[in-house]
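The structure appears below as structure tokens.
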Amino acid sequence: MAETEPIYPGVVTYEDQIGIERRLAIRLEPDTAIPRFEQLRAQLSVMVAVGRLAPGARLPTVRNMAEQLDLAPGTVARTYRELEADGIVKGRGRLGTFVVDEPPHSEPLRQRRERIAAAAARYVFEVRQLGADADAALAAVADAFGPDEPT
């Protein structure tokens, strides 16, 4: 597809790896010296950094993204290659392109891990005060999450 029409706010709709419909709001500015692949790369990178695209999330296919944004598939493919070089995504062949488990520069993820670790330390302190062992504590956590949560 030709990259002739200006693209302002665009919404890319796609199905994730488990079949849930997802949407990404993309804004490409036509009147700038910044190439479109770089505009797209920067926006996807920010979406990962703020948790909008979570670790393990599958990105839209190159063809799907290109069609919906009226970009050449090569532009989207270059974006994905740049994101992979930055360590943000990983291509898995025909399975698709996925956000890596530990994206660089993901401060919200780092903060979340720190908060979880602090909560776990508080919980362990209280469980020890009650005289319970690790097995009892883990069983209580599994019960608290309920039957629908994987442990």
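When residue 55 is tested against (1) touching an Asp or Glu at 6+ places or on another chain (Cβ under 6 Å); (2) over 30 Å from residue 113 (Cβ atoms), only condition (2) is not met.
In segment 14-43, what residues are out of contact with any strand residue (DSSP E or B) (no Cβ under 8 Å at 6 or more places or on another chain) and of a type in the set (A, V, I, L, M)? Passing the criteria: 18, 20, 33, 34, 42. Taken over segment 77-123, residues that are among the acidic types (Asp, Glu), at pLDDT 90 or above and over 15 Å from the mean Cα position of the chain (by Cα) amount to 1.
Any idea which residue in segment 124-145 is surrounded by the fewest Cβ atoms within 10 Å (Cβ to Cβ), counting only those that are under 29 Å from the mean Cα position of the chain (by Cα) and modelled with pLDDT of 85 or more?
Checked segment 124-145; the qualifying residue surrounded by the fewest Cβ atoms within 10 Å (Cβ to Cβ) is 143.
In this entry, residue 70 passes the filter for residues that are at positive phi and over 18 Å from the mean Cα position of the chain (by Cα). Restricting attention to segment 72-88, the residues that are farther than 12 Å from residue 39 by Cα and acidic (Asp, Glu) add up to 2. Residue count for segment 31-89 under the criterion of being among the hydroxyl-bearing types (Ser, Thr, Tyr) and in contact with a Gly (Cβ under 8 Å, 6 or more places away or on another chain): the result is 2. In this structure, does residue 18 turn out to be closer than 27 Å to residue 113 by Cα, hydrophobic (A, V, I, L, M, F, W, C), loosely packed, with under 15 Cβ neighbours inside 10 Å and free of Cβ contacts under 8 Å to residues at least 40 places away in the same chain? Taking the combined requirement at face value, the residue satisfies it.
As a summary of the residue check, residue 32 satisfies the conditions (1) loosely packed, with under 13 Cβ neighbours inside 10 Å; (2) touching a Lys or Arg at 6+ places or on another chain (Cβ under 9 Å); (3) among the hydroxyl-bearing types (Ser, Thr, Tyr) except for the one numbered (2).
The values are calculated or read from the model by the stated rules, or taken from the named source; none is laboratory data. Since we're looking at a predicted model, the values are computed, not measured. In this analysis, Cβ positions are derived from the backbone assuming ideal geometry, glycine residues included, and neighbour counts consider all displayed protein chains.
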